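Below is one structure, written out as structure tokens; comments come after it.
The values are calculated or read from the model by the stated rules, or taken from the named source; none is laboratory data. Remember, it's a predicted structure, so these values are computed and weren't measured experimentally. Please note: Cβ atoms are built from the backbone with ideal geometry, for glycine as well, and neighbour counts cover all protein chains shown.
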Amino acid sequence: MTVGSRGERSAVGEIFSIVPLEVWADKRLTLKQIRVLGVLFSFQNDGSRVVCPSRAQIAERCGMSVCHVSTATTGLEQLGWLRKEGNGGRCESATYTLMAPHLAEGD
């Protein structure tokens, strides 16, 4: 296998994530939200902004509980970083559309 930039496994099994610079500039984000957002970006394939990992998969990649993942994704949705669709947690994964909100200068 080759080294991938969008969640693909490399020869040593590493997973990578490309995160927009706006994430680091958004002072509204908590550390848990940054971790979950970075993990969500790691599930991207072919440049698609839509990802469908389960909460358990997200929790495993970022080393957090499923409950904290749910809280973080709700906060990220309120801040405009993603849109959740579906009933994740009911034997199906939610669909997350990743977005980068326009940040006001000086935020």
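Kindly indicate the residue of region 44-59 that is in a loop (DSSP other than H, G, I, E, B), within 16 Å of Ala100 (Cβ to Cβ) and not charged (D, E, K, R) and also modelled with the lowest pLDDT among those meeting that condition. Steps first, answer last, please.
Initial filter on region 44-59 (in a loop (DSSP other than H, G, I, E, B)): 44-49, 52-54.
Applying the additional criterion that residues be within 16 Å of Ala100 (Cβ to Cβ) yields 44, 47-49.
Those still in the list that are not charged (D, E, K, R) too: 44, 47-48.
Numbers: Gln44: 91, Gly47: 77, Ser48: 86.
That would be Gly47.
Of all the residues that make up region 2-37, how many are of a type in the set (A, V, I, L, M, F, W, C) and modelled with pLDDT under 80? Explain how you work it out, then say what you get.
Kept after step one, since they are of a type in the set (A, V, I, L, M, F, W, C), are these residues of region 2-37: 3, 11-12, 15-16, 18-19, 21, 23-25, 29, 31, 34, 36-37.
Filter once more, so that each one left must be modelled with pLDDT under 80: 3, 11-12.
Of the residues in that region, 3 qualify.
Of the conditions (1) out of contact with any Gly (no Cβ under 7 Å at 6 or more places or on another chain); (2) buried (at least 16 other Cβ atoms within 10 Å of the Cβ), Leu31 clears all except one; give me its number.
(2)
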